[in-house]
Amino acid sequence: MENGSKESRVRSVTRALTILKCFNSHPHMLGITEISERLQLSKGTVHLLIKTLEEQGFVEQVAENKKYRLGSVVYELGMTAVGDLRIPSRARLQQMNYEIAMPCYLAINIGNRAVLIEKAEPVNAFMVVMQIGAILPYHASSMGKILLAFSDSSIQENLMDSFELQALTPNTITSRELLKKELEEVLKQEYALDREETLPGVFCAAVPVRDGSGRVVAALSVVAPSTTLNVENYWKYLPVLKKYSTHITRDMSYIPRLDGINT
């Protein structure tokens with residue numbers, strides 16, 4: 001009886017972790033029925049596990065559509081996995097958001113994922129928003145392209161092998177050769193674009209953020225509807241992106257290292 005109880009608990013943990021993995025793919029919000037169908041589990045089982053995950057902060061319910069998304073605890077664990085890399089970006093993103101009145105985001109590599117870690121958004125129901133902790137597609141998002149392009153060659157190869165070039169929109173790059181050419185351009189010009197490649201009607205531009213040694217540690221982006229930000233005017237916002245990227249780099253130099261020594 002005791003062994004059966006242990007097996008049941010282990011099975012529940014496995015199912016709960018599998019549910020969390022469901023949120024890796026776009027649109028990162030799922031309902032009970034969607035999870036049930038995807039995992040071939042009963043709605044009752046999914047509901048029980050989701051409520052347990054919600055109580056512990058691993059998922060949260062979206063009031064507008066009653067679906068679920070990853071919660072703050074997942075973000076906190078992800079940040080712990082980054083180690084002692086600390087990027088003081090919140091105030092800078094808020095300043096940038098105030099200056100250009102568009103959503104501003106910061107993303108980093110966590111494991112083999114491009115993860116959104118900070119944001120500043122206008123209070124505007126018509127603006128496209130992303131949640132902290134969202135997983136970004138390397139091949140389609142502007143921030144993903146930055147993080148992929150500026151990775152060391154061996155890391156880049158491993159990352160390229162870790163994902164499929166899924167067609168998210170008609171504009172998404174689905175050829176590895178074309179993606180490699182795109183990454184070469186990103187390295188050369190030091191910015192990346194998402195030309196409605198992740199979401200229809202949404203355009204993004206991103207630049208690298210470096211630490212004091214010049215190593216790229218993050219990607220900073222601006223996101224807006226393609227009627228506002230597009231191929232004809234994105235260049236106007238690149239100086240603003242680069243200015244705040246530089247500010248964040250300078251801010252990092254004022255944070256004491258864990259060993260108490262600054263360089």
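The values are calculated or read from the model by the stated rules, or taken from the named source; none is laboratory data. Values in this document were obtained by computation on a predicted structure and should not be read as measured data. Neighbour counts run over all protein chains shown; Cβ positions are idealised from the backbone, glycine included.
Any residue that is at pLDDT below 90, out of contact with any helix residue (DSSP H, G or I) (no Cβ under 7 Å at 6 or more places or on another chain) and crowded, with 17+ Cβ neighbours inside 10 Å - is there at least one of those in region 83-95?
No; the residues of region 83-95 include none that is at pLDDT below 90, out of contact with any helix residue (DSSP H, G or I) (no Cβ under 7 Å at 6 or more places or on another chain) and crowded, with 17+ Cβ neighbours inside 10 Å.
Within region 177-229, restricting attention to residues that are buried (at least 19 other Cβ atoms within 10 Å of the Cβ) and in contact with a Gly (Cβ under 9 Å, 6 or more places away or on another chain), which residue is nearest to Ile248 (Cα to Cα)?
Here the answer is Ala219.
If I ask for residues that are touching a residue at least 40 places away in the same chain (Cβ under 8 Å), of a type in the set (Val, Ile, Thr) and closer than 22 Å to Thr227 by Cα, which ones from region 126-167 would you list?
If the condition is that a residue be touching a residue at least 40 places away in the same chain (Cβ under 8 Å), of a type in the set (Val, Ile, Thr) and closer than 22 Å to Thr227 by Cα, then Val128 is the only one that fits.
Of the residues that make up region 52-74, is at least one at pLDDT below 90, in a helix (DSSP H, G or I) and not β-branched (Val, Ile, Thr)?
yes
Among the residues of region 126-136, is there at least one that is at pLDDT 90 or above and crowded, with 23+ Cβ neighbours inside 10 Å?
yes
Looking at Arg257, Arg195, Arg210 in this structure, which one is at pLDDT below 95 and in the same structural domain as Glu118 (by TED's automatic domain parsing)?
Exactly one of Arg257, Arg195, Arg210 is at pLDDT below 95 and in the same structural domain as Glu118 (by TED's automatic domain parsing), namely Arg210.
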